[in-house]
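First the structure, in the form of structure tokens, and then the observations on it.
The values are calculated or read from the model by the stated rules, or taken from the named source; none is laboratory data. Values in this document were obtained by computation on a predicted structure and should not be read as measured data. As a convention, Cβ positions derive from the backbone with ideal geometry for all residues, glycine included, and neighbour counts pool all protein chains shown.
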């Protein structure tokens, strides 16, 4: 079922398959490039919420290369209870330093080390991509629709960058991306555009 306001994005429907309007795809990608370029020029950060396994490694690499942030495993309340969640980051950073200190590792019991490593490994998936995030970014890039995540984004009035899902209302998306979010090549191209816009802004500000 196609949401009524989303028919404008469709060129035609053939054999129950929607063919997107190519002109609009290009237009929205251009708008995406300009927007990411401008916010990066002002050194505004983006939090990428990875809820699609197709391009996890690509997004992680982009974030590491551009000093942006990512979340691999969504934890309810991570946005709305950010200041409480920061305490977990402090614990994670403390454990990270601890495991680099050979002296402390040698004096701790095996049981204690085992328990600490378990805590560290549990925190790693949730926190490693945001361990240097001191404040919550205003811009959230979400790949696939998720009602719980969307609820937190809307509650905090954050700026949402996301793909249009033809079966859902797209009015809540501030910066719309029109494309096939189930195709690896399509996703790779779009995220390369995001990466390129950030790099171009950094070159401009040098």
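Looking for something closer than 21 Å to residue 61 by Cα, touching a helix residue (DSSP H, G or I) at 6+ places or on another chain (Cβ under 8 Å), part of a helix (DSSP H, G or I) and not assigned by TED's automatic domain parsing to the domain that holds residue 68 - is there at least one such residue anywhere in segment 105-118? Before the answer, list the steps.
Initial filter on segment 105-118 (closer than 21 Å to residue 61 by Cα): none.
Among the residues of segment 105-118, not one is closer than 21 Å to residue 61 by Cα, touching a helix residue (DSSP H, G or I) at 6+ places or on another chain (Cβ under 8 Å), part of a helix (DSSP H, G or I) and not assigned by TED's automatic domain parsing to the domain that holds residue 68, which makes the answer no.
Given the conditions (1) out of contact with any strand residue (DSSP E or B) (no Cβ under 8 Å at 6 or more places or on another chain); (2) touching a residue at least 60 places away in the same chain (Cβ under 8 Å); (3) buried (at least 16 other Cβ atoms within 10 Å of the Cβ), and given that residue 41 satisfies all but one, which numbered condition is not satisfied?
Checking residue 41 against (1) out of contact with any strand residue (DSSP E or B) (no Cβ under 8 Å at 6 or more places or on another chain); (2) touching a residue at least 60 places away in the same chain (Cβ under 8 Å); (3) buried (at least 16 other Cβ atoms within 10 Å of the Cβ), the one that fails is (3).
Of the conditions (1) closer than 30 Å to residue 206 by Cβ; (2) out of contact with any strand residue (DSSP E or B) (no Cβ under 9 Å at 6 or more places or on another chain); (3) touching a residue at least 24 places away in the same chain (Cβ under 8 Å), residue 77 clears all except one; give me its number.
Only one criterion is unmet by residue 77, namely (1).
Are any residues in segment 52-73 under 15 Å from residue 194 (Cβ atoms) and not in a helix (DSSP H, G or I), and if so, which ones?
Scanning segment 52-73 gives 52, 67, 68, 69, 70.
Has segment 74-82 got at least one residue that is within 19 Å of the chain's Cα centre (by Cα) and in a helix (DSSP H, G or I)?
Yes, some residue in segment 74-82 is within 19 Å of the chain's Cα centre (by Cα) and in a helix (DSSP H, G or I).
Conditions first: (1) farther than 29 Å from residue 135 by Cβ; (2) part of a helix (DSSP H, G or I). Residue 199 passes all but one, so which condition is the exception?
The failed condition is (1).
Looking only at segment 4-20, filter to residues that are surrounded by 10 or more Cβ atoms within 10 Å (Cβ to Cβ) and free of Cβ contacts under 8 Å to residues at least 60 places away in the same chain; which one of those is nearest to residue 186 (Cα to Cα)?
Step one: list which residues in segment 4-20 are surrounded by 10 or more Cβ atoms within 10 Å (Cβ to Cβ), which gives 5-7, 9-11, 13, 18-20.
Cutting the leftovers down to free of Cβ contacts under 8 Å to residues at least 60 places away in the same chain gives us 7, 11, 13, 19.
Values: 7: 21, 11: 18, 13: 20, 19: 14 Å.
My answer is 19.
Okay, residues lined up against (1) out of contact with any helix residue (DSSP H, G or I) (no Cβ under 7 Å at 6 or more places or on another chain); (2) in contact (Cβ under 8 Å) with a residue 40 or more places away in the chain; (3) within 29 Å of residue 202 (Cβ to Cβ); (4) assigned by TED's automatic domain parsing to the domain that holds residue 125:
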{"site": "50", "(1), (2), (3), (4)": "no, yes, yes, no"}
{"site": "55", "(1), (2), (3), (4)": "no, yes, yes, no"}
{"site": "58", "(1), (2), (3), (4)": "no, yes, yes, no"}
{"site": "62", "(1), (2), (3), (4)": "no, yes, yes, no"}
{"site": "66", "(1), (2), (3), (4)": "no, yes, yes, no"}
{"site": "89", "(1), (2), (3), (4)": "no, yes, yes, yes"}
{"site": "92", "(1), (2), (3), (4)": "no, no, yes, yes"}
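Any idea which of (1) touching a strand residue (DSSP E or B) at 6+ places or on another chain (Cβ under 8 Å); (2) under 30 Å from residue 100 (Cα atoms); (3) surrounded by 18 or more Cβ atoms within 10 Å (Cβ to Cβ) is the one residue 145 doesn't satisfy?
Of (1) touching a strand residue (DSSP E or B) at 6+ places or on another chain (Cβ under 8 Å); (2) under 30 Å from residue 100 (Cα atoms); (3) surrounded by 18 or more Cβ atoms within 10 Å (Cβ to Cβ), only one is false for residue 145: (2).
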